[in-house]
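Read-outs throughout are calculated quantities, based only on the coordinates presented, and are distinct from any laboratory measurement. Since the model is a prediction, treat every value here as computed from it, not as a measurement. Ideal geometry is used to build each Cβ from the backbone, glycine not excepted, and the neighbour counts take in all protein chains shown.
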């Protein structure tokens with residue numbers, strides 16, 4: 001299966017979509033998207049509002065099913081896999097709008113992701129804390145994101161910046177090999193922005209990252225390759241230099257930003 | 001240096017984790033009062049027995065409503081099946097109550113598992129209708145199978161043997177002790193389960209199913225499991241009622257059973273296990289008191305209390321507890 005002849009050397013490819021379509025009624029939100037993420041790559045997906053970025057991420061993570069086309073994770077077809085199965089296979093995501101467990105604490109939020117990942121999700125008799133490896137990993141993740149001092153506070157009472165960090169921490173706690181970051185710094189006040197950018201820059205190198213972003217500073221600072229989505233279709237893909245000098249991209253996207 | 005820091009953080013995390021699942025003093029108090037009530041009101045064993053059974057029934061609904069967010073209007077299906085199973089089995093010569101309890105649990109578990117796939121479809125409204133429908137179907141099956149269930153007359157002549165050597169007495173002393181002990185044991189099990197990784201993931205699903213799936217929680221599988229667990233608990237409650245009253249009738253499957261239990265959980269508050277227990281107690285005492293005062297119209301008052309409670313906020317117990325805590329510890333809040 002993994003030896004199937006794909007366009008490039010399959011072992012180097014972390015995530016790939018093949019002719020992906022998604023229609024909502026008469027609207028084609030995803031139009032023939034064939035996207036390739038190389039292993040360890042920092043890839044940014046940009047595009048104007050309404051370009052279909054969120055639809056694409058929902059297709060990749062299994063929230064939505066494609067109308068046609070295939071999705072391959074490390075060469076294996078995951079098009080039909082449920083959202084939680086994709087996580088177990090190594091594909092995790094964050095959300096543009098916080099999707100946290102408001103009534104819980106960061107300890108519980110991260111703890112749950114860790115116990116799932118360590119195969120203890122069905123453990124119903126012993127507590128989360130009985131397992132030393134689980135506790136160790138919870139502490140490691142909380143510490144890496146600077147959340148240890150608030151681990152016992154109610155998530156809904158945390159400052160917004162901390163909530164954004166927790167959003168990423170919970171995804172990292174799933175030990176993904178491919179991570180989809182949906183506008184990680186969205187809505188974060190200026191003072192707390194650096195914390196988020198720091199965390200994004202320091203993500204483990206072996207994790208392949210797809211960054212969906214509006215903020216061009218963050219894209220140019222972080223990404224090695226960029227794909228441009230316009231009206232549901234891939235306009236082009238290339239290195240940062242190629243994209244920033246591409247006249248078509250300037251016309252539909254960067255040009256728009258220049259005037260704005 | 002760094003390892004030292006990590007070790008400290010680790011201790012903090014373990015300490016916090018343990019505190020999240022530790023017994024609160026009020027929980028000890030609650031169970032001491034339950035045990036004390038058994039000896040303080042020897043003339044009310046029959047009423048207390050019924051309260052214990054309804055408390056277990058409410059606890060079972062709280063598991064699926066409060067921990068997984070699945071609303072059901074047909075929870076009596078499992079209660080009734082448990083009651084009939086425990087009753088019918090004595091007709092076949094199996095009179096040991098514990099074996100009867102086990103068989104009723106198995107039957108309710110099987111029905112829970114089978115119907116979970118129907119009940120977990122679609123929106124809240126769909127779930128309400130499907131659960132309601134399942135209970136109605138079961139009611140009419142019991143009605144139709146008169147040769148087995150006694151139909152509209154009820155299951156006559158149940159012969160329940162002694163429980164661990166104690167014969168059930170007419171004052172209900174043994175029955176009450178039996179129900180209370182079963183309630184306590186099943187409560188302990190439920191409490192353990194909700195503090196496990198499985199239990200945490202149920203709360204996660206209730207809070208945000210989208211995110212729960214995004215951290216790898218198989219949402220459907222978990223809901224099936226907890227729905228089945230809730231069904232099993234309801235089956236035990238039904239079996240207790242049949243065994244301790246030596247009778248089962250269509251009433252155990254009736255719509256008012258499902259509605260009442262939803263009321264009890266609402267009164268006590270969902271999602272912390274004690275809600276069902278307290279709700280059953282308040283409901284039953286209210287019913288008992290009001291039906292003495294106004295035998296015909298007591299449901300008027302229940303209805304009024306319900307409306308006030310739901311509109312005024314269902315966390316009344318929490319706020320009451322906070323108020324008491326403030327009063328009893330002057331200066332603690334500064």
**Report entry** Neighbours by Cβ (under 9 Å, 6+ apart or cross-chain): first from the range B:8-22, at positive phi and more than 8 Å from chain A (Cβ to nearest Cβ); second surrounded by 12 or more Cβ atoms within 10 Å (Cβ to Cβ) and assigned to a helix (DSSP H, G or I)
**Finding:** none
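If you go through the range A:24-40 one residue at a time, how many are out of contact with any helix residue (DSSP H, G or I) (no Cβ under 7 Å at 6 or more places or on another chain) and crowded, with 19+ Cβ neighbours inside 10 Å?
So the answer is 3.
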**Report entry** Candidates B:80, B:100, B:69, B:74 - the one that is within 18 Å of residue B:168 (Cβ to Cβ), crowded, with 16+ Cβ neighbours inside 10 Å and touching a residue at least 24 places away in the same chain (Cβ under 8 Å)
**Finding:** B:100
Query - Failed condition for residue A:94, given (1) closer than 21 Å to residue A:142 by Cα; (2) surrounded by fewer than 17 Cβ atoms within 10 Å (Cβ to Cβ); (3) more than 7 Å from every other protein chain (Cβ to nearest Cβ) - result: (2)
Report summary line: The number of residues in the range A:137-168 that are outside any helix (DSSP H, G or I), within 11 Å of chain B (Cβ to nearest Cβ) and crowded, with 19+ Cβ neighbours inside 10 Å is 2
Report task. Look through B:25, B:31 and report the one residue that is away from every other protein chain (no Cβ under 14 Å) and closer than 22 Å to residue A:152 by Cβ. Result -> B:25
Report summary line: Of the residues in the range A:32-58, those that are over 12 Å from the mean Cα position of the chain (by Cα) and either in a helix (DSSP H, G or I) or on the phi > 0 side of the Ramachandran plot (or both) number 6
**Report entry** Sole residue being facing chain B (nearest Cβ under 7 Å) and either in contact with a helix residue (DSSP H, G or I) (Cβ under 9 Å, 6 or more places away or on another chain) or touching a residue at least 60 places away in the same chain (Cβ under 8 Å) (or both), chosen from A:87, A:114, A:134
**Finding:** A:87
Query - Top-ranked residue in the range A:97-108 [being in contact with a helix residue (DSSP H, G or I) (Cβ under 7 Å, 6 or more places away or on another chain) and more than 8 Å from chain B (Cβ to nearest Cβ); ranked as nearest to residue B:20 (Cα to Cα)] - result: A:106
**Report entry** Residues (more than 7 Å from every other protein chain (Cβ to nearest Cβ) and closer than 17 Å to residue A:174 by Cα) located in the range A:119-131
**Finding:** A:119, A:131
